[in-house]
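All remarks here apply to the structure that follows.
The values are calculated or read from the model by the stated rules, or taken from the named source; none is laboratory data. The shown structure was predicted, so the numbers you read here are calculated from the model rather than taken from an experiment. As a convention, Cβ positions derive from the backbone with ideal geometry for all residues, glycine included, and neighbour counts pool all protein chains shown. To get the accessible areas, we keep the full protein, side chains included, count just its heavy atoms, and leave off ligands, DNA and RNA. Shrake-Rupley method; radii C 1.70, N 1.55, O 1.52, S 1.80 Å.
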Amino acid sequence: MSGFDKVVHSYEEAMAGLEDGMTVLAGGFGLCGIPENLITQIKKMGTRDLTVVSNNCGVDGFGLGVLLEDRQIKKMVSSYVGENALFEKQLLAGELDVELTPQGTLAEKLRAGGAGIPAFFTATGFGTPVAEGKEVREFNGKSYILEPSITGDFAIVKGWKADRYGNVVYRHTAQNFNPMIATAGKITVVEVEEIVEPGALDPAHIHTPGIYVDRVIVGTFEKRIEQRTLSQG
Amino acid sequence: MALSREQIAMRIAQELKDGFYVNLGIGIPTLVANYVPDGIEVMLQSENGLLGMGPFPTEETIDADMINAGKQTVTAATGASIFSSAESFAMIRGGHVDLTVLGAFEVDVHGNIASWMIPGKLIKGMGGAMDLVAGADNIIVCMTHASKHGESKLLPACTLPLTGAGCIKKVVTDLAYLEIEDGCFVLKERAPGVTVEEIIEKTAGNLIVPDYVPEMTFA
């Protein structure tokens, strides 16, 4: 049974094996559904020269933004990085490399990576700077570019609930990139708000089946809101 | 008079049809949701993984796990579904979204759009814009017709790096509604009180002006 007990009890254990120069895939969209505590653990470990694949790079002082403070990130692969002054400073100083990738292409690169597909053709980016140096092929009269998929050494994921088998469900739009990220890491670590008893999650409602998950840890989350917008009246 | 931001949104809202799935970009496109015509139902797609975006929440219902692609807190409408980013872009890339509305810096007579990058300024990223323009058949670009300095944004050829090539057919500006056909802008409607001459003067790309150009009407 222990082979299927993926629960770990410390963040040190959760991120054990992370080394300088590795590629880390991180779930989240903006600050929604980000693995807050796993990011904090990477900061504590001081691991450097990381390539980080995530839709965004957090904000100053929160989310992946904290890994910029000690220059732990060498390269970011993202679709949008506009919310972060330190990011801008390091980018302009040449201390940080960025590979801007269209959001849907990024999602598909991760999905394909986890699914054993090395590359795929997409119309997204054809005729734009994104297509530079990439193979173009025509299908049914329309042009497509070849995009390689992405896998990583570590995948860090934020779930809502998990069981010890590593089955995960996400909450609302905190799902975002997390399910694809979970499939694309050599070691996939999921932090959740609650670990439930085996059988408590409906098998038909699992978002991420446990086969993709190596470690599960329960944490507490700040869940910072980036744009607090309310209805009037 | 040139249209206000709200009037541009009102004009675009006239293109909504009952049962449409619609993706609205950030800025003026977001305002289109405020002017859905009476008696029709549309469902808003937000590319972070929400189909059926509802109004902003209240203090009681606000939830950090419930946001739209602009990272604003939102609610889910009745009939909504929530899914991963890969699923979301399968909908977009697969052509399942009926109407996409987004802003731009420039468009040209070949249907090219530039909306994400100004060389020399900080590049923040394209987000989902490249996927949206590549996947959608029915796209409306909304923008001001000319810059503050009077330079046309409707060009013979885009000068900025493209977001998508040959994908735009409809443009609503503060001065006019135009379509792009066979390497030309075609003037379809003008804003109330705006002369054809002003539109000609502020359109740098080839412009076809029919004999009669109706004024836009607002209910």
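Residue by residue, here is whether (1) within 14 Å of chain B (Cβ to nearest Cβ); (2) among the β-branched types (V, I, T); (3) open to solvent by 50 Å² or more (accessible area, probe 1.4 Å) holds:
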| residue | (1), (2), (3) |
| --- | --- |
| A:V157 | yes, yes, no |
| A:N167 | no, no, no |
| A:H172 | yes, no, yes |
| A:N176 | yes, no, no |
| A:V190 | no, yes, no |
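In the stretch B:158-212, how many residues are open to solvent by less than 10 Å² (accessible area, probe 1.4 Å), in contact with a Pro (Cβ under 6 Å, 6 or more places away or on another chain) and not small (G, A, S)?
The total comes to 0.
Residue pairs, Cβ under 7 Å, 6 or more apart or interchain, first in the stretch A:32-43 and touching a residue at least 40 places away in the same chain (Cβ under 8 Å) and at negative phi, second crowded, with 23+ Cβ neighbours inside 10 Å and of a type in the set (S, T, Y). List them.
These pairs meet every condition: A:C32/A:T173.
Might you check whether a residue that is out of contact with any Asp or Glu (no Cβ under 6 Å at 6 or more places or on another chain), more than 23 Å from B:L31 (Cα to Cα), within 13 Å of chain A (Cβ to nearest Cβ) and crowded, with 23+ Cβ neighbours inside 10 Å occurs anywhere in the stretch B:109-117?
Keep residues of the stretch B:109-117 that are out of contact with any Asp or Glu (no Cβ under 6 Å at 6 or more places or on another chain), which gives B:109-113, B:115-117.
Those still in the list that are more than 23 Å from B:L31 (Cα to Cα) too: B:109-112, B:117.
Remaining after also requiring within 13 Å of chain A (Cβ to nearest Cβ): B:110-112, B:117.
So of that shortlist, the ones also crowded, with 23+ Cβ neighbours inside 10 Å come out as B:112.
Yes, some residue in the stretch B:109-117 is out of contact with any Asp or Glu (no Cβ under 6 Å at 6 or more places or on another chain), more than 23 Å from B:L31 (Cα to Cα), within 13 Å of chain A (Cβ to nearest Cβ) and crowded, with 23+ Cβ neighbours inside 10 Å.
Test B:G54 against the criterion of being facing chain A (nearest Cβ under 7 Å), within 21 Å of the chain's Cα centre (by Cα) and open to solvent by less than 40 Å² (accessible area, probe 1.4 Å), and give yes or no.
No; evaluated as a whole, the condition is false for this residue.
I need the helices (runs of 4 or more DSSP H) fully contained in the stretch A:27-135, keeping only those with at least 1 residues that are farther than 30 Å from B:G111 by Cβ and within 8 Å of chain B (Cβ to nearest Cβ).
Numbers: elements: A:36-45, A:66-69, A:85-92, A:103-114.
Result: A:85-92, A:103-114.
Please find, among B:A13, B:A77, B:A33, the residue that is more than 30 Å from B:V194 (Cβ to Cβ) and out of contact with any His (no Cβ under 7 Å at 6 or more places or on another chain).
On the way: B:A13 fails: more than 30 Å from B:V194 (Cβ to Cβ); B:A33 fails: more than 30 Å from B:V194 (Cβ to Cβ).
None of the other options fit; the residue is B:A77.
Output the residues belonging to the stretch A:116-158 that are under 30 Å from A:M15 (Cβ atoms) and either free of Cβ contacts under 8 Å to residues at least 24 places away in the same chain or under 16 Å from the mean Cα position of the chain (by Cα) (or both). Outline the logic, then answer.
Here is the first cut: in the stretch A:116-158, the ones under 30 Å from A:M15 (Cβ atoms) are A:116-119, A:147-158.
Selection gives A:G116, A:S149, A:I150, A:T151, A:G152, A:D153, A:F154, A:A155, A:I156, A:V157, A:K158.
For the stretch B:155-175, name all the residues that are touching a residue at least 60 places away in the same chain (Cβ under 8 Å) and outside any strand (DSSP E or B).
Passing the criteria: B:I168, B:D174, B:L175.
Given the conditions (1) open to solvent by 40 Å² or more (accessible area, probe 1.4 Å); (2) without any contact (Cβ under 8 Å) to a residue 40 or more places away in the chain, which single one is not true for B:H96?
(2)
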